Amino acid sequence: MSIPMTTHAQDAPRATKGRLAYRLALALTALALIFVGSLSALPAHAAGSWVRGVPIGGSVGWLGTWIPYQGQPTPGLCIQADAVNPSAAVAVTPGELTSQPGLSRPADLSVDIAQMAYIMKWYTPTSLEFSNTDVDAAATGFLAHVNFENSPRAQANVNELLQLTPANIQNRARQMVAEAKAAGVVGWQAGEPETTNHMYGTIGGFGLTNANGSFIAGYPYTITLNGPAVFDETGTNTYTGTTASTLINGIKWHSTANGKVFANITYSNVPAPVLGYASPGGGRQDVIFDIHKVTSKTVQSPTWDVIFDFRPQGLSNVDTAKVIDSGAELTDTFTPNADPNYGDGKWLNIDGTNVPVNYRASLYYIDPLAPAEQSDTVPEGAELIKSVILKANGPETVLTASAGAAPKDGFYTWVWEVKADDQDAEWSKYIKADFVDDYGMADETTSVRHPAQIDSKLSVRDTKAGTYLVDDVFVTGMPSDHPNFEGAAGFKADEKLISHEVLFFPAGLKVTEANRDKAEKIGQTVTIPAKNGVYPSVGDTSWIAKKGADGKLVAGTYVFISTFAGDDRVTPLATSVEDVTEQFTITADGPKLKTTFTGENGEKTLKPGKDTKLVDKVCDANEKLVPGTEYTLRLKVHNKTTGKMVMVDGTEYEATAKFTPNTPQDCGKVVANLDTTGMANTELVAFEYVYDANGQLVGTHTDAGDADQTIKLAAADNSGGGSALAKTGANLAPLGVATLLAAGGAAALVAKRRKN
């Protein structure tokens, strides 16, 4: 709420030389804060208002408080001795004084905010009929400046004020300070317990006192018993009432278990020892004022003993299995003990027998992506996986809870508790059954790692510069936000990359893990993000097949290796060199493919349509095919016009056929049905790959400039357009005859699913 500032009721006389600090301020110490409405500037000694205070002889100053019209709100005290008069036209927003300047002043004139609030409550004039003297009003104004002056030359102003203020005002101020320090704003009586046989008794001897030590009636209070005891009247650990003009005594309680008890007495709706603060700005004076703010205060009684039970608790730990893999057993260990801060801190023993305690261990599934924030309660809707009860026949006996194999990947947390309903009837009365772990504690949280998967398609690219090796990679199975997890609850941040490299095993070196160190690394290591997605044509210009001095490709086997180090959310992944689906073998003097690509009737120019039949005839010019051996022919179609491979459902189209030559001169055929709508005025080129019975690539023909393996699609296209798609379920007719493997060269295409 905006507060108009009202001007001083009288003009200040001219300042004497050398008293600059009080040129304005000491004449302007009086201020009224008007919370509702607005007052115009008042003439000197206006009717219905006056200044309570004392002038400072020999100076320009006046110490005191200006009282507004009868019935107007609380006045204030100035704390800027060299600022100009407030103005009724200036609106301010009142607040609360939260800090105090570090001024140098005598110890017997020094007060804090609470003590000044006490003085203003009792001695600042509030009306024309206020019984305190003008000296009291001047003394409060003097203390406001000495302790809270906040002008740019605050200390100088304080020093001058200490010299100028009459002794009677300073002496009265000292009396106020002594009273405030001795009595405080309010006296808070904590009370004293009385017990009989430590089983029942009373609470008494408490109340509120004012500055004079008299008891104050009418303020609400609540007594709370902390420990195993309740009040006779309520049957609970709380009792409410109102303060009286005398000490309150005789409130009865009785124990409910064994341990230590103390009482907290909370007094409420009590005026707070705080000061209001307002600053109009613009070079005008800041003020402090008494505000009618209430507060509560809790005081504690002495502690007393009652017949005690014990409170079982304990410590759990999954550190030995904080990170596990899918299918592993979820376990947690727990070491019971007694709360050292309850009762005598020992496990209760009755007639030589430890009281048995049943602990409940509950496993909750948190989330597939991240651990939970620690909470003192189980969140509503938390997914409970399993709950088991384990008996402890004393402290320090390790309990092990098991929930079996994890039903899904992600984060789990254990919560241990002692519940009254779980206890044996014979022993339950001796057990304080209120123990429960926090939900999501780091030491009780386990990560079941996601098994990453990599699907890959290996291929080669024959270019004028050489034969390059590339891999299309499909990453699945990782958390959806991987690798963005930065760590929490003791779990490390995600590993960011998956590594790929190529190893070359020359002919004669068997491709085994035992020979891995003997293989030659080809080119650089290539990385991709450790993130779900498709990563086409993973490779590097350094991934190129080796050539000999004769310019031909060196015989041997290339192996693609993928490695993921693993982290606290995803299992490690590393492929083996013995995985034949990631191998590409070049053999010496292998087949040299010669192909012819036509329509089903030998056409080299075809009309686009939804069902375009294409026939690829594959022969071996070197006549290296072994009669009676089954070969696999693979056909891919290259769109020479766009420079891209023909795709179906997001993957490269492929037709296959089996072929067993009777002679080295025999030729094989691969037939494919393609939807060529939308491909008018384009050229399609057949790329051929031949594999032997062991799945090794023995020949390729991927020359986009070979006219024999090229067909043209005419301009006429009556299909209505659309993307170039291979027909689903294409007839891949195997027609016998020759295979591929071009000597010196060749490419392989293999597909594999890797799963850790």
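Assorted remarks:
- All positions within the range 625-661 that are within 16 Å of TYR691 (Cα to Cα) and buried (at least 19 other Cβ atoms within 10 Å of the Cβ): LEU625, TYR631, THR632, LEU633, ARG634, LEU635, LYS636, GLU654, ALA655, ALA657, PHE659, PRO661
Here is a yes/no grid of residues against (1) more than 13 Å from ALA321 (Cα to Cα); (2) within 20 Å of the chain's Cα centre (by Cα); (3) outside the structural domain of SER316 (by TED's automatic domain parsing); (4) part of a strand (DSSP E or B):
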position: GLU396; (1), (2), (3), (4): yes, no, no, no
position: THR413; (1), (2), (3), (4): no, yes, no, yes
position: ASP421; (1), (2), (3), (4): yes, no, no, no
position: ALA425; (1), (2), (3), (4): yes, no, no, no
position: ALA433; (1), (2), (3), (4): yes, no, no, no
position: ASP443; (1), (2), (3), (4): no, yes, no, no
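- Within the range 536-561, restricting attention to residues that are on the phi < 0 side of the Ramachandran plot and over 52 Å from the mean Cα position of the chain (by Cα), the residue that is surrounded by the most Cβ atoms within 10 Å (Cβ to Cβ) is LEU553.
- Residues of the range 242-263 classified as outside any loop (DSSP other than H, G, I, E, B) and on the phi > 0 side of the Ramachandran plot, total: 1
- With respect to the stated conditions, LYS510 is basic (Lys, Arg), over 44 Å from the mean Cα position of the chain (by Cα) and either modelled with pLDDT of 95 or more or closer than 30 Å to LYS547 by Cα (or both).
- Checked against the criterion of being closer than 25 Å to ASP305 by Cβ and surrounded by 20 or more Cβ atoms within 10 Å (Cβ to Cβ), the candidates TYR342, TYR364 yield just one match: TYR342.
- Qualifying residue in the range 271-294 (condition: part of a strand (DSSP E or B), modelled with pLDDT of 90 or more and not aliphatic (A, V, I, L, M)): no
- Selection status of THR335, touching a Gly at 6+ places or on another chain (Cβ under 8 Å), in a strand (DSSP E or B), of a type in the set (S, T, N, Q) and surrounded by fewer than 18 Cβ atoms within 10 Å (Cβ to Cβ): yes
- Residue under evaluation ALA372, criteria (1) surrounded by 15 or more Cβ atoms within 10 Å (Cβ to Cβ); (2) part of a strand (DSSP E or B); (3) of a type in the set (A, V, I, L, M), criterion not met: (2)
- Of the residues making up the range 302-346, those that are under 16 Å from VAL261 (Cβ atoms) and either of a type in the set (Asp, Glu) or modelled with pLDDT of 90 or more (or both) number 7.
- Residues satisfying the stated conditions in the range 666-682, i.e. farther than 15 Å from THR596 by Cβ and either without any contact (Cβ under 8 Å) to a residue 60 or more places away in the chain or part of a strand (DSSP E or B) (or both): ASN673, LEU674, ASP675, ASN681, THR682
- Residues that are touching a residue at least 40 places away in the same chain (Cβ under 8 Å) and surrounded by fewer than 21 Cβ atoms within 10 Å (Cβ to Cβ) within the range 572-581 comprise PRO572, THR575, SER576, VAL577, GLU578, ASP579, VAL580, THR581, listed in sequence order.
- The range 683-696, subset of a type in the set (Gly, Ala, Ser) and either outside any strand (DSSP E or B) or over 55 Å from the mean Cα position of the chain (by Cα) (or both), residue surrounded by the most Cβ atoms within 10 Å (Cβ to Cβ): GLY695
- Meets criteria (exposed (fewer than 15 other Cβ atoms within 10 Å of the Cβ) and under 49 Å from the mean Cα position of the chain (by Cα)) for THR238: yes
- Residue among PHE584, PHE564 that is buried (at least 20 other Cβ atoms within 10 Å of the Cβ) and at pLDDT 85 or above: PHE564
- Test: residue in the range 119-127 that is within 30 Å of LEU225 (Cα to Cα), modelled with pLDDT under 90 and under 50 Å from the mean Cα position of the chain (by Cα): no
- No other residue among THR598, THR641, THR663 is out of contact with any Leu (no Cβ under 6 Å at 6 or more places or on another chain) and either in contact (Cβ under 8 Å) with a residue 60 or more places away in the chain or assigned to a strand (DSSP E or B) (or both) apart from THR598.
- Matching option when the condition is modelled with pLDDT of 95 or more, out of contact with any Gly (no Cβ under 6 Å at 6 or more places or on another chain) and surrounded by fewer than 22 Cβ atoms within 10 Å (Cβ to Cβ), among SER428, SER387, SER402: SER387
- The residues listed here are LEU369, LEU384; of these, the one that is without any contact (Cβ under 8 Å) to a residue 40 or more places away in the chain and either of a type outside the set (Lys, Arg) or closer than 28 Å to ALA565 by Cα (or both) is LEU384.
- Test: LEU390 is more than 27 Å from PHE491 (Cα to Cα) and either touching a Lys or Arg at 6+ places or on another chain (Cβ under 7 Å) or assigned to a strand (DSSP E or B) (or both): yes
Yes or no, residue by residue, for (1) surrounded by fewer than 14 Cβ atoms within 10 Å (Cβ to Cβ); (2) in the same structural domain as ASP325 (by TED's automatic domain parsing); (3) under 26 Å from the mean Cα position of the chain (by Cα):
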| position | (1), (2), (3) |
| --- | --- |
| ASP472 | no, no, no |
| HIS482 | no, no, yes |
| GLU486 | yes, no, yes |
| HIS500 | no, no, no |
| GLY523 | no, no, no |
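The values are calculated or read from the model by the stated rules, or taken from the named source; none is laboratory data. Quantities reported herein were computed from a predicted structural model and do not represent experimental measurements. Cβ: placed from backbone, ideal geometry, glycine included. Neighbour counts: every protein chain shown.
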